[in-house]
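J.: Quick one: structure below, then a few questions.
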Amino acid sequence: MYIFEAPLKVKSGSKVCLVAFFGQALDGEVDYSYALEVEFNKYRKKPEEVFLIFPGYLERKVELYFENKSKFYNNAIRYGVDVPVTVAYFDERANLFFRSLHLDSSFRGYENAARDEIVRSGLYNLASERKDQVILKSPSGTVFIKPSKKEFSEFIKSSELAVGASENQFVAFCLLSRSPKNLVVKKIYIDTNSIAAYVEALIFYMSMFRDGVCRVATYYSYSSYDGMNDARPDIVDDVWLIISASRSNSMGVQMAKTWGLDDDQVLTILSYTDSRADRIGDSVLLNISSLSDLAPKAPQKGSLIKVKVVGENFYAEAEKPHPVTIKAAHKPA
């Protein structure tokens, strides 16, 4: 289970809500109840509302757990009689459907607006908790060479956003909320295999919502700029392109044009740049520029050693530094 606080807007105001995301069925009601009790104990401050989020195909199973006012039910309403508790089931497109467990939510009728706020808050919470792993800073005296050949002193690693099954499944839920609306996805292309855990969880959800027997989609890693031209498929009407991260969304825009993709067929998970309505292929799941020290600044210039990221946490020299010859004698007077 992944739990976090989310400030959700409601009409002219907002409420601080506690969101518990149950990515997938555990062994039974006892496991759900224990997980909820342990996690809720970490949040002593009383929330204004509580949301419990489950995939819709588990609805019958989950409803049985609440029927007899079980321990799971009592843990869910532990914050008091005046705090609404809502069970929210999501479908294949991550649309939310509310079922009031205790009192009625202020967000009823605004389910998908609440969903978008939950996605933003949950992802931002993950990025904030692991800021130093998600945003790598180049070692002193160096600058990163990006796959696009551009230089910058920070490197965004979306693969460090989530740890463990529940968080990976939450990222998959967030991706579902931005899935292409007018096509059946059968092929998913990713720029790096480091985000495969999110895509595996995403395909699991897609498969469970359809028939739960076979995988309904496959994914391919095209190794960023080096392989994007060779990976171009002949048929693109069942393709979804998911890019791990981009400072300016340039890869998504370029590939949408060369591959002939619609705007909702391209999504960048993390970026420093908001999407624009007049650009196809620059849709962004979360802008994390507020977590960056350098996002608003221009790239550094000078004789910095150029390095590139290799593997998880290692750097390699991308090119030899420029030699400098000192011709004059330098010594104290």
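J.: Val284 - would you say it is within 22 Å of the chain's Cα centre (by Cα), modelled with pLDDT of 95 or more and either open to solvent by less than 10 Å² (accessible area, probe 1.4 Å) or within 16 Å of Ser153 (Cβ to Cβ) (or both)?
T.: Criteria not met by Val284.
J.: Pick from Val38, Val62, Val85: which is over 29 Å from Pro180 (Cα atoms) and crowded, with 19+ Cβ neighbours inside 10 Å?
T.: Val85
J.: Quick one: count up the residues across the stretch 211-223 that are in contact (Cβ under 8 Å) with a residue 60 or more places away in the chain and either of a type in the set (Asp, Glu) or not in a loop (DSSP other than H, G, I, E, B) (or both).
T.: Total meeting the criteria: 0.
J.: What is the residue count in the stretch 45-74 for residues that are of a type in the set (A, V, I, L, M) and farther than 29 Å from Lys9 by Cβ?
T.: Counting residues in the stretch 45-74 that are of a type in the set (A, V, I, L, M) and farther than 29 Å from Lys9 by Cβ gives 1.
J.: Among the residues of the stretch 48-82, which ones are assigned to a loop (DSSP other than H, G, I, E, B) and in contact with a Pro (Cβ under 9 Å, 6 or more places away or on another chain)?
T.: Scanning the stretch 48-82 gives Glu48, Tyr79.
J.: What number goes with the only condition from (1) over 23 Å from Lys45 (Cβ atoms); (2) polar (S, T, N, Q); (3) open to solvent by 40 Å² or more (accessible area, probe 1.4 Å) that Ser128 does not pass?
T.: (1)
J.: Which residue pairs have Cβ atoms under 6 Å apart, sit 6 or more places apart or on different chains, and have a first residue in the stretch 267-288 that is in a loop (DSSP other than H, G, I, E, B) and a second that is basic (Lys, Arg) and surrounded by 16 or more Cβ atoms within 10 Å (Cβ to Cβ)?
T.: Close Cβ pairs satisfying both conditions: Tyr272/Arg247.
J.: Any chance the stretch 4-17 includes a residue that's of a type in the set (D, E, K, R) and modelled with pLDDT under 90?
T.: Checking the stretch 4-17: at least one residue is of a type in the set (D, E, K, R) and modelled with pLDDT under 90.
J.: Residue by residue through the stretch 87-109, note down the ones that are among the acidic types (Asp, Glu) and within 19 Å of Leu64 (Cβ to Cβ).
T.: none
J.: Going through the stretch 204-230 one residue at a time, which ones are open to solvent by less than 60 Å² (accessible area, probe 1.4 Å) and either over 23 Å from Ile156 (Cα atoms) or among the acidic types (Asp, Glu) (or both)?
T.: Tyr205, Met206, Ser207, Phe209, Gly212, Val216, Ala217
J.: Of the residues that make up the stretch 44-59, is at least one open to solvent by 60 Å² or more (accessible area, probe 1.4 Å), within 19 Å of Glu167 (Cα to Cα) and charged (D, E, K, R)?
T.: no
J.: Report yes if some residue within the stretch 175-188 is in a strand (DSSP E or B) and touching a residue at least 24 places away in the same chain (Cβ under 8 Å); otherwise report no.
T.: yes
J.: Give me a count of the residues in the stretch 224-263 that are closer than 21 Å to Val171 by Cα, over 18 Å from the mean Cα position of the chain (by Cα) and free of Cβ contacts under 8 Å to residues at least 40 places away in the same chain.
T.: Final tally of qualifying residues: 1.
The values are calculated or read from the model by the stated rules, or taken from the named source; none is laboratory data. In this text the structure is predicted, and so the values were computed from the model without any measurement. Using ideal geometry, Cβ is built from the backbone for each residue, glycine included, and neighbour counts are taken over all protein chains shown. Ligands, DNA and RNA are stripped out before the accessible areas are found, and what is left, the full protein with its side chains, is counted by its heavy atoms. Shrake-Rupley method; radii C 1.70, N 1.55, O 1.52, S 1.80 Å.
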